[in-house]
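The values are calculated or read from the model by the stated rules, or taken from the named source; none is laboratory data. Keep in mind the model is a prediction, meaning the values are calculated, not measured. Don't worry about glycine lacking a Cβ; one is built from the backbone with ideal geometry, like all the others, and counts go over all protein chains shown. Accessible surface is based on the protein model in full, side chains and every heavy atom, while ligands, DNA and RNA are left aside. Shrake-Rupley method; radii C 1.70, N 1.55, O 1.52, S 1.80 Å.
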Amino acid sequence: MNETRRKEIAAALDEAALTRSTLASGSSGVSDVGEAYAVQKALVARRLERGERFTGFKLGFTSVAKMRQMGVHDLIHGRITDGMRIADGGTFDAGTLIHPRVEPEVAFLLGGPLGPDTVDPLDAVAAVAPALEVIDSRYDGFTFSLPEVIADNTSAAGYVIGPWRAPVELADRGVLLEIEGRLVEAGSTAAILGHPLRALAAAARLAPRGFLAAGTVILAGAATAAVPLASGVHVRATVSGLGTVGFSTVRTRREAL
């Protein structure tokens, strides 16, 4: 696949997101993981050209069960920008997305360089926080191949980060996801590769220049299944011993009538 074709696919995915339209799985012709990441890079470059700023990486398939389901043996990653950031306690218009879902996560903030040679990844961490990720596939029915979801920036749409705090032990901490005060999912940080620090170690391999710089945010992956995100609701995630994070989706005028 040449550079022109990669940019064409990136443009189609970008347009789908901007116009709330979808692409049919198999229509792009992306069938190779390496090419998929090249398309992803071109897709995110379009956001950067519009003035957004790169803030970090999000990890996907951090559940062993999900890896088996997709027939892969390693996690995948996407890129996040400040244009995707939703303020903790803030509002978000879910009506700008196609078929959004939300899931609870753990976020890391790097305070120093993190690379493949880092002996203890925790040494590079300045802070941790509870987080929520909003995902939204640009493919029909949230149905896609592995290369397609990578090209689509691993369905990235938005993220919320709760209060940062000094690193704490994250093994097997309870995670709750509530919508409108009702518990919809419960899980554990152990769902993230057995321990979120393993996701952080995996993230060290993503470094474009051999290391990830201080200030980079890493979303470690979902601790529960993702659930549909409607308009006009309040979403809250709680990670035991770490804190809570939340936001509300606005109710559109049409829905309010």
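Of ARG182, ARG165, ARG205, ARG198, all but one fail to be under 24 Å from GLU35 (Cα atoms), among the basic types (Lys, Arg) and out of contact with any helix residue (DSSP H, G or I) (no Cβ under 8 Å at 6 or more places or on another chain); the exception is ARG205. Surrounded by 21 or more Cβ atoms within 10 Å (Cβ to Cβ) and not polar (S, T, N, Q): which single residue out of VAL64, VAL44, VAL33, VAL102 fits that description? Unique residue meeting the criteria: VAL102. Restricting attention to the stretch 22-45, the residues being more than 22 Å from GLY83 (Cβ to Cβ), in contact with a Leu (Cβ under 9 Å, 6 or more places away or on another chain) and among the β-branched types (Val, Ile, Thr) number 1.
Please state which of the following conditions ALA223 fails to meet, knowing it meets all the rest: (1) among the hydrophobic types (A, V, I, L, M, F, W, C); (2) under 21 Å from ALA127 (Cβ atoms); (3) out of contact with any Ser or Thr (no Cβ under 6 Å at 6 or more places or on another chain). With (1) among the hydrophobic types (A, V, I, L, M, F, W, C); (2) under 21 Å from ALA127 (Cβ atoms); (3) out of contact with any Ser or Thr (no Cβ under 6 Å at 6 or more places or on another chain) applied to ALA223, the lone miss is (3). Looking across the stretch 127-147, the residues that are of a type in the set (Gly, Ala, Ser) and either on the phi < 0 side of the Ramachandran plot or open to solvent by less than 10 Å² (accessible area, probe 1.4 Å) (or both) come down to ALA127, ALA129, ALA131, SER137, SER145. The set of residues from the stretch 107-126 being open to solvent by less than 10 Å² (accessible area, probe 1.4 Å) and closer than 20 Å to VAL239 by Cα comprises ALA107, PHE108, LEU110. Taking the criterion of being modelled with pLDDT of 90 or more and in a loop (DSSP other than H, G, I, E, B), the residues of the stretch 31-67 that qualify are ASP32, ARG50, GLY51, GLU52, ARG53.
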